[in-house]
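Structure, as structure tokens:
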Amino acid sequence: MLVGLCSLKSSPGVTTTTLTLAGAWPSGGSRPVVVELDACGGDVAWRFGLASEPGLRSLAVASRLRPDPGLLAAHAQPVGAAGVPVVVAPVGRDAARHAVASLAPLLDVLGGAPEPVLVDFGAVDLKDADTRSLLAALAALVVVARAVPEQIARVQAVTEDLLRVHPGAKAVLVGDVGCREAAGMLGMPVAGVLPLIDPDAGLLARLRGLRSRRAFELAAARLAAGLSAGIASLGSACEAAGESAEVSR
């Protein structure tokens with residue numbers, strides 16, 4: 001199952017959300033693999049001090065020679081304490097763009113992988129025909145946005161177009177807002193709300209950050225449970241979370 005996560009602009013936390021969802025995936029099922037498919041360049045290798053290979057470039061080469069979804073595991077590296085398997089994208093824009101272009105035609109093959117595949121697209125341009133084709137082919141599409149006026153307005157402006165590209169698209173808002181309120185603002189289904197992790201420095205801020213990170217992980221676990229249960233149940237993740245996903249800032 002291919003699940004894509006993206007934003008429309010800026011940095012609302014797509015990579016953090018993707019990694020957290022993968023780490024929070026319910027036990028008992030296949031562990032998801034994250035594929036960093038951001039043509040602007042990857043963040044994971046730089047953020048976690050990983051080598052660029054194996055990764056997206058080596059997977060693209062191997063997939064051309066032998067298009068097999070089983071290749072994913074061989075080109076992934078463990079990330080974080082949870083050891084989330086991630087196929088990392090090159091940090092440089094040119095190398096990343098070339099790797100993404102090479103792998104994009106084979107995404108349907110990767111969709112046949114035995115484990116869920118969470119694809120981190122980063123920021124996408126809905127006016128690009130190739131991007132629209134990629135998003136339309138996904139089993140599920142999750143748009144991540146911060147609950148701030150400019151990002152909400154950006155999602156509102158393209159909601160109709162977005163739902164034409166992928167009728168099952170849902171939003172995840174990061175910030176101080178409830179699920180029902182978010183759905184009313186965006187005019188599209190909302191899979192859930194993730195608390196904002198406070199980035200400020202200082203002891204008090206770090207303590208608040210620990211609380212907000214725990215709340216973030218709990219909310220992500222609810223979203224992951226909805227995703228793992230299948231596309232039909234994705235919308236119920238918001239109800240499962242209720243209005244209890246509050247932000248500790």
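Rule-based calculations on the coordinates, nothing more; no lab input. If you're wondering where the values come from, they're calculated on a predicted model, not measured in any experiment. Every residue, glycine among them, receives a Cβ derived from its backbone with ideal geometry; neighbour counts consider all protein chains shown.
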TODO: Would you mind ranking His98, His166, His75 by Cβ crowding within 10 Å, fewest neighbours first?
DONE: His98, His166, His75
TODO: Read phi for every residue in segment 7-24 and hand back ³J(HN,Hα) as whole Hz from Karplus 6.51 cos²θ - 1.76 cosθ + 1.60, θ = phi - 60°, with x for Gly and Pro.
DONE: 10, 9, 4, 6, 10, x, x, 5, 5, 4, 5, 4, 5, 5, 4, 4, x, 8
- [ ] For a footprinting-style exposure proxy, rank Leu227, Leu196 by other Cβ within 10 Å, fewest first.
- [x] Leu196, Leu227
TODO: Express in nm, to one decimal, how much length is gained between Ser58 and Ala157 on full extension, taking 0.36 nm for each residue of separation and deducting their alpha carbon distance.
DONE: 31.9 nm
Open item on the list: If I take R0 = 35 Å and measure r between the Cβ atoms of Glu150 and Ala95 in this structure, what FRET efficiency does the formula 1/(1 + (r/R0)^6) give, to the nearest 0.05?
Closed with: 0.70
Task: From the coordinates shown, Rg and Dmax of the Cα atoms in Å corresponds to which of (i) 17.1, 53; (ii) 19.4, 76; (iii) 19.1, 72 - done: (i)
Task: Helical contribution to [θ] at 222 nm, DSSP H n ≥ 4, -39,500 (n - 2.57), averaged over the chain, rounded to 500 - done: -13000 deg cm²/dmol
Open item on the list: As a footprinting exposure proxy, order Thr17, Thr159 by other Cβ within 10 Å, with the fewest listed first.
Closed with: Thr159, Thr17
Task: Per-bin percent of Cα-Cα distances, segment 33-115 [10 Å] - done: 20, 56, 23, 1
Task: Amide H contacts of Gly122 (H built 1.01 Å from N, under 5 Å, at least 5 apart or other chain) - done: Ser7
